[in-house]
Amino acid sequence: AQVADMAVATVALPTTDSAHTVTVLDPACGDGRLLVATAERLRAAGHTVHTIGVDIDPTLTHPEGVDEFICADALDIDWSTVLRGECADVVVGNPPFRSPLPRGQHTASTPTADTGPYGDLALAFIDLSMTLVRPGGRVVLVLPTSVLASRDAGRVRRRAEQRAVLDTWWWQPDRVFDAHVDVCVLGFT
């Protein structure tokens, strides 16, 4: 609930009497709960909302409450087709965390060529989210805390700082998500 609240907290959306439909996207939606919660908050504020969820897991069914669901790798799809040449107003997500450390090697599935050998896969979702949101839009992601300070996340952090303003963040010292890593939530406009 707190992540969904952060997703709509400071986003500058068209007025409710506008004909604009707010597009909310989750590029790693899983069961869709974060995407649906964000959409519910926007609808409660009087907005018309269209939700798009993408997930790589072929065992997932179309999540209830998600308008459009695409079973694909968000890092490999043609977003101009999915978004019909537009940008999302809000991007939310709890992307996969995966460091190449357990494998002991840098692989092609590591985020981007410039993240270094210990770059977490979540870094690719930061970059992706920043390219999919419109200027003035909102990006809120649940991320491993390693993105805040690790050397190999530096270039992605700098690109994010050039594209957006980090205006909300949340961190809890106790593990509150189903992850075996410490997480934070970062909100960008």
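Observations
- Taking region 1-116 as the region of interest, the helices (runs of 4 or more DSSP H) fully inside it that hold 1 or more residues being at pLDDT below 65 and touching a Leu at 6+ places or on another chain (Cβ under 9 Å) are 2-9.
- Those residues of region 118-127 which are modelled with pLDDT of 55 or more and either open to solvent by 40 Å² or more (accessible area, probe 1.4 Å) or not in a loop (DSSP other than H, G, I, E, B) (or both), in sequence order: ALA122, LEU123, ALA124, PHE125, ILE126, ASP127
- Yes/no for THR38 being of a type in the set (Val, Ile, Thr) and under 17 Å from the mean Cα position of the chain (by Cα): yes
- Hits in region 30-70 (condition: under 13 Å from ALA88 (Cβ atoms) and without any contact (Cβ under 8 Å) to a residue 40 or more places away in the chain): ALA39, VAL49, HIS50, THR51, ILE52, GLY53, VAL54, ASP67, GLU68
- Verdict on ALA153 being open to solvent by less than 70 Å² (accessible area, probe 1.4 Å) and at pLDDT below 90: yes
- Matching residues, region 128-145, being crowded, with 21+ Cβ neighbours inside 10 Å and not hydrophobic (A, V, I, L, M, F, W, C): SER129, GLY137, ARG138, PRO144
The values are calculated or read from the model by the stated rules, or taken from the named source; none is laboratory data. From a predicted model like this one, the values you see are computed outputs, not experimental measurements. Methodologically, a virtual Cβ is constructed for each residue, glycine included, from the backbone with ideal geometry; neighbour enumeration extends over all protein chains shown. Only protein heavy atoms, including side chains, enter the accessible area calculation; ligands, DNA and RNA are left aside. Shrake-Rupley method; radii C 1.70, N 1.55, O 1.52, S 1.80 Å.
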